[in-house]
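Engineer: Have a look at this one before I ask anything.
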Amino acid sequence: MASNQHALEDGNGRSSDWIEIYNSGDDAADMTGWFLTDDSADLDQWRFPSIQIDPGAFLIVFASGTDIYQYIDQSGSPHTSFKLSAGGESIALVRPDLTVAQQVDFSQQYPDISFGFAFPELTEQGYFSQATPGSPNGPLRNSVTRDAVSASHESGAFTQPFALELTTAA
């Protein structure tokens with residue numbers, strides 16, 4: 001989530017952006033020596049601390065931009081040395097041999113709207129109606145708007161049918 005305002009607080013009580021990693025394997029994944037990056041020219045930008053992800057489990061990594069090497073907050077969550085851009089960018093999970101295991105490219109992000117892979121296939125990417133940190137993502141949203149939606153009629157009780165028009169500034 002590259003525009004976390006209220007969806008999830010880190011162990012320091014801050015709404016840092018976050019990356020969620022899921023272990024779909026049958027064995028624990030030892031992340032020692034693996035990396036996360038948002039810079040394709042710097043594949044070893046942030047090294048995971050000694051941490052494992054159990055089979056079928058999720059790991060939340062906060063992209064807080066801390067300058068403390070391999071920082072782990074009070075709740076036990078690691079923090080990267082970089083932040084995510086709500087304007088869009090690429091992030092990559094990089095193996096110890098500096099080959100990219102998985103890359104996610106995302107465009108404009110909206111406050112508290114998560115973006116990721118749809119469960120259970122993990123092949124389709126998109127926005128989600130509700131952030132579900134530490135749990136499988138819900139259904140994909142059809143679209144996202146950051147502008148307020150206006151209705152052509154005020155709310156109320158109606159006895160006759162009418163046409164309703166919804167508009168946004170965009």
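Engineer: Filter segment 59-83 for residues that are among the small types (G, A, S), modelled with pLDDT under 90 and outside any loop (DSSP other than H, G, I, E, B) and give the result.
Structural biologist: Residues satisfying the conditions do not exist here.
Engineer: Within segment 111-136, how many residues are under 21 Å from S15 (Cβ atoms), in a loop (DSSP other than H, G, I, E, B) and touching a strand residue (DSSP E or B) at 6+ places or on another chain (Cβ under 9 Å)?
Structural biologist: Adding up the residues that qualify gives 8.
Engineer: While we're looking at this one, here's another question. Among the residues of segment 100-118, are any open to solvent by less than 70 Å² (accessible area, probe 1.4 Å), modelled with pLDDT of 95 or more and closer than 19 Å to Y22 by Cα?
Structural biologist: Yes, the conditions are met somewhere in segment 100-118.
Engineer: Residue pairs, Cβ under 7 Å, 6 or more apart or interchain, first in segment 78-98 and touching a residue at least 60 places away in the same chain (Cβ under 8 Å) and open to solvent by 50 Å² or more (accessible area, probe 1.4 Å), second among the small types (G, A, S) and part of a strand (DSSP E or B). List them.
Structural biologist: Final answer for the pair search is K83/A63; K83/S64; R95/A101.
Engineer: Scan (1) surrounded by 10 or more Cβ atoms within 10 Å (Cβ to Cβ); (2) over 12 Å from the mean Cα position of the chain (by Cα); (3) in contact (Cβ under 8 Å) with a residue 24 or more places away in the chain for the single condition Q74 breaks and write down its number.
Structural biologist: (1)
Engineer: Taking segment 49-58 only, how many residues are among the aliphatic types (A, V, I, L, M) and outside any loop (DSSP other than H, G, I, E, B)?
Structural biologist: 1
Engineer: Could you tell me whether segment 137-160 includes any residue that is of a type outside the set (V, I, T), closer than 26 Å to N12 by Cβ and either in a loop (DSSP other than H, G, I, E, B) or open to solvent by less than 30 Å² (accessible area, probe 1.4 Å) (or both)?
Structural biologist: yes
Engineer: Let me ask another. Of all the residues that make up segment 1-32, how many are in contact (Cβ under 8 Å) with a residue 12 or more places away in the chain and surrounded by 17 or more Cβ atoms within 10 Å (Cβ to Cβ)?
Structural biologist: Count: 17.
Engineer: Working only within segment 15-48, note down all residues that are part of a loop (DSSP other than H, G, I, E, B) and farther than 23 Å from S90 by Cβ.
Structural biologist: Those that are part of a loop (DSSP other than H, G, I, E, B) and farther than 23 Å from S90 by Cβ: G25, D26, D27, A28, T32.
The values are calculated or read from the model by the stated rules, or taken from the named source; none is laboratory data. As the structure is a computational prediction, the values presented were derived from the model and not from experiment. Heads up, the Cβs are rebuilt from the backbone with ideal geometry, glycines too, and the neighbour counts pull from every protein chain shown. Areas reflect the complete protein model, heavy atoms only, side chains present, ligands, DNA and RNA absent. Shrake-Rupley method; radii C 1.70, N 1.55, O 1.52, S 1.80 Å.
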